[in-house]
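Chemist: So that we are looking at the same thing, I have put the structure below in structure tokens.
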Amino acid sequence: MLKTIALRNVRHVFGEKPVFEGINFKCTEREKICIVGENGVGKSTLLRIIAGELEAESGIVERNGHVRAQYVAQEFPQEDMALTIAEYVAKHADVGAYKRAFATGAELGFPLEKHQEKVCSQLSGGQQKILALSTALSAQPDFILLDEPENHLDIVSRLELIAHLQDYRGGVLFISHDRLLIDSLAEKVAEMTKGQIHISEGGYEEYVEHRLARIKGLQRAFDTEEKRIRKLRETVVILGQKAYRGKDIAAYRKYKAELESLKAKHKETGRADDRRTSITLTKGGPGFHEGRLLCRVKKGAYQYKGQPKETFRNANLEIRTGSHIVLLGRNGSGKSTFLKCLMGALPFTEGEVAWTPDLRVAYFDQHTEFDPERTALEIVTKELNLDDESGRAALGAMKFDKETMDIEIKSLSGGQRMRLRFALTFGAKPDVLILDEPTNHLDEVTWEILLNAVNSSRSTILLVTHDHEFIDGMGTKKFWMLHKGTVHERHKELSELIEELRA
């Protein structure tokens, strides 16, 4: 008999507000299920409850049989930072799993055995994620529970992880916003929305079709209720006049109570949004000519002090107006160092970079913090020097509704805060926009908004991402590749470049 984990009428509260309630969900050994939903809906909380890391406020979590589960969180656990790699593997897997963990780590892109005495706090985010994933897989549990396993992994490591999980014989329950990962693995997709969970069979495309069909049904129900509200308003006005004269008081109270109930329900739920994004952003300003040289790097190289060799060398590159450039490279190859040199934050140790004067160059930082007491509209109008109407238009382009624009930042979800960052970045209309891994931690709606914004923008864009589907979704693009100490423009297909990065 296959082992199962089942949730019965599970409810959880954060502060005084329920994150979700009445959740019923079942995962069977050998099933592969992806949990999706906007940031802040409680996906990570639900996974922690399933993993036994967190106790639900109420409801039952049933484990059929002696269930062994391994949970890998979004970020590496702080309590394990002082351990060496060898100690971490010993803590989270049996001695017999050592070789499997080391072999898996090497395949994912980090040779654990070679660095086993290294302390975990000294590892990069990508190395920590590979250590956690390799150890969990090597333990061969009945269920492996993964919270955004793609985060911090480069494009090659993501493909290797997909191959391992496809072959994995236990149950796989994972949260992800990576469409390639979902389509390659998921047999079911569980969408969390408004405190509930909806299951659809199949991968990402099947989930989208199921979701749209469900939302159309909700929209029809909402529209029917709106008609009922209009009719009730007319009825209540008439009955109110009669009640004023002492007639039909009971009927007036009955219909008025129904009207207030429906109005409250409409205000709380709103009309279901099909989340089809259609973004139009203002194009580049006057004087924006296609193909004009903006930046030239000649024989650029950088070497950190004390290091035996250069991070990269002999970089000869050009950035021209209208280009959308994707910078590819493995974790640790030096992409961030190269960007710092390009922007002047680090001086090239050899060669030079020259920018056209008076360019507006913007760098997207997904960790920008906002005053929690201010609203999104206040921030956009002040930072971009816009009037109220233009500020609302900039936020509307990022799928903010009128009500959300006026909510304090502290009450916004993670996805909404990220959209605010995008509104500020794209709304500034820079000549050159540098985006360093902007797709990390994005929910599906924000992912689509960003993709459409990139494709619609006339800013020249230099983008670093490991998201295969995002790169595929970009329209016109060119590739730079940083590999084995060199960075060049490459005129090949993405699949061919990935194979080169494997080498």
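The values are calculated or read from the model by the stated rules, or taken from the named source; none is laboratory data. As the structure is a computational prediction, the values presented were derived from the model and not from experiment. In this analysis, Cβ positions are derived from the backbone assuming ideal geometry, glycine residues included, and neighbour counts consider all displayed protein chains. Keep in mind that these areas ignore ligands, DNA and RNA; they rest on the heavy atoms of the full protein, side chains included. Shrake-Rupley method; radii C 1.70, N 1.55, O 1.52, S 1.80 Å.
Chemist: Pick from the stretch 298-324 the residues that are part of a strand (DSSP E or B) and over 20 Å from Leu497 (Cβ atoms): which of them is nearest to the chain's Cα centre (by Cα)? Even if it seems obvious, please write down each step before you answer.
Modeler: Restricting attention to the stretch 298-324, the residues satisfying the condition of being part of a strand (DSSP E or B) are 298-302, 312-320, 324.
Those still in the list that are over 20 Å from Leu497 (Cβ atoms) too: 298-302, 320.
On the way: Lys298: 36, Lys299: 36, Gly300: 33, Ala301: 33, Tyr302: 32, Arg320: 29 Å.
Among them, the one singled out is Arg320.
Chemist: Can you tell me which residue in the stretch 470-490 is most open to solvent (accessible area, probe 1.4 Å), limited to those that are in a loop (DSSP other than H, G, I, E, B) and of a type outside the set (Ser, Thr, Tyr)? Reasoning before the result, please.
Modeler: Restricting attention to the stretch 470-490, the residues satisfying the condition of being in a loop (DSSP other than H, G, I, E, B) are 474-477, 484-485.
Retained after the next criterion (residues that are of a type outside the set (Ser, Thr, Tyr)): 474-475, 477, 484-485.
On the way: Met474: 8, Gly475: 48, Lys477: 67, Lys484: 144, Gly485: 11 Å².
Selected residue: Lys484.
Chemist: Can you tell me which residue among Tyr71, Tyr98, Tyr88 is surrounded by 14 or more Cβ atoms within 10 Å (Cβ to Cβ), out of contact with any Asp or Glu (no Cβ under 8 Å at 6 or more places or on another chain) and not in a loop (DSSP other than H, G, I, E, B)? Outline the logic, then answer.
Modeler: Values: Tyr71 fails: out of contact with any Asp or Glu (no Cβ under 8 Å at 6 or more places or on another chain); Tyr88 fails: out of contact with any Asp or Glu (no Cβ under 8 Å at 6 or more places or on another chain).
Among Tyr71, Tyr98, Tyr88, only Tyr98 is surrounded by 14 or more Cβ atoms within 10 Å (Cβ to Cβ), out of contact with any Asp or Glu (no Cβ under 8 Å at 6 or more places or on another chain) and not in a loop (DSSP other than H, G, I, E, B).
Chemist: Is one or more of the residues making up the stretch 451-459 farther than 20 Å from Met398 by Cβ, more than 14 Å from the chain's Cα centre (by Cα) and open to solvent by 30 Å² or more (accessible area, probe 1.4 Å)?
Modeler: Taking the stretch 451-459 as the starting set, the residues that turn out to be farther than 20 Å from Met398 by Cβ are none.
Scanning the stretch 451-459, I find no residue that is farther than 20 Å from Met398 by Cβ, more than 14 Å from the chain's Cα centre (by Cα) and open to solvent by 30 Å² or more (accessible area, probe 1.4 Å), so the answer is no.
Chemist: Please tell me if Glu350 is open to solvent by 80 Å² or more (accessible area, probe 1.4 Å), out of contact with any helix residue (DSSP H, G or I) (no Cβ under 7 Å at 6 or more places or on another chain) and in contact (Cβ under 8 Å) with a residue 12 or more places away in the chain.
Modeler: Numbers: open to solvent by 80 Å² or more (accessible area, probe 1.4 Å): yes; out of contact with any helix residue (DSSP H, G or I) (no Cβ under 7 Å at 6 or more places or on another chain): yes; in contact (Cβ under 8 Å) with a residue 12 or more places away in the chain: yes.
Yes: the conditions hold for Glu350.
Chemist: Please work out which one of (1) assigned to a helix (DSSP H, G or I); (2) within 24 Å of Glu148 (Cβ to Cβ) is the condition His466 fails and give its number.
Modeler: (1)
Chemist: Right, something else. Quick check on my filter: what residues within the stretch 12-41 are within 23 Å of Ala69 (Cα to Cα) and open to solvent by 10 Å² or more (accessible area, probe 1.4 Å)?
Modeler: Passing the criteria: His12, Asn24, Phe25, Lys26, Thr28, Glu29, Arg30, Glu31, Lys32.
Chemist: How many residues, within the stretch 173-219, are acidic (Asp, Glu), under 17 Å from Glu444 (Cα atoms) and either open to solvent by less than 30 Å² (accessible area, probe 1.4 Å) or at pLDDT 85 or above (or both)?
Modeler: Here is the first cut: in the stretch 173-219, the ones acidic (Asp, Glu) are 178, 183, 187, 191, 201, 205-206, 209.
Retained after the next criterion (residues that are under 17 Å from Glu444 (Cα atoms)): 178, 183, 191, 205-206, 209.
From what is left, the residues that are either open to solvent by less than 30 Å² (accessible area, probe 1.4 Å) or at pLDDT 85 or above (or both) are 178, 183, 191.
Of the residues in that region, 3 qualify.
Chemist: Could I ask something else about it? Return the residue satisfying two criteria in turn: it lies in the stretch 101-117 and is open to solvent by 50 Å² or more (accessible area, probe 1.4 Å) and in contact with a Ser or Thr (Cβ under 7 Å, 6 or more places away or on another chain), and of such residues it is farthest from Ile130 (Cα to Cα).
Modeler: Glu117
Chemist: Take the residues of the stretch 301-315 that are in contact (Cβ under 8 Å) with a residue 60 or more places away in the chain and of a type outside the set (D, E, K, R): which is most open to solvent (accessible area, probe 1.4 Å)? Outline the logic, then answer.
Modeler: Filtering the stretch 301-315 down to residues in contact (Cβ under 8 Å) with a residue 60 or more places away in the chain leaves 309-315.
Those still in the list that are of a type outside the set (D, E, K, R) too: 311-312, 314-315.
Working: Thr311: 31, Phe312: 0, Asn314: 81, Ala315: 0 Å².
Looking at residues that are in contact (Cβ under 8 Å) with a residue 60 or more places away in the chain and of a type outside the set (D, E, K, R), I get Asn314.
Chemist: Something else now. Which of (1) surrounded by fewer than 22 Cβ atoms within 10 Å (Cβ to Cβ); (2) within 20 Å of the chain's Cα centre (by Cα); (3) not hydroxyl-bearing (Ser, Thr, Tyr) does Pro141 not meet, given it meets every other one?
Modeler: The failed condition is (2).
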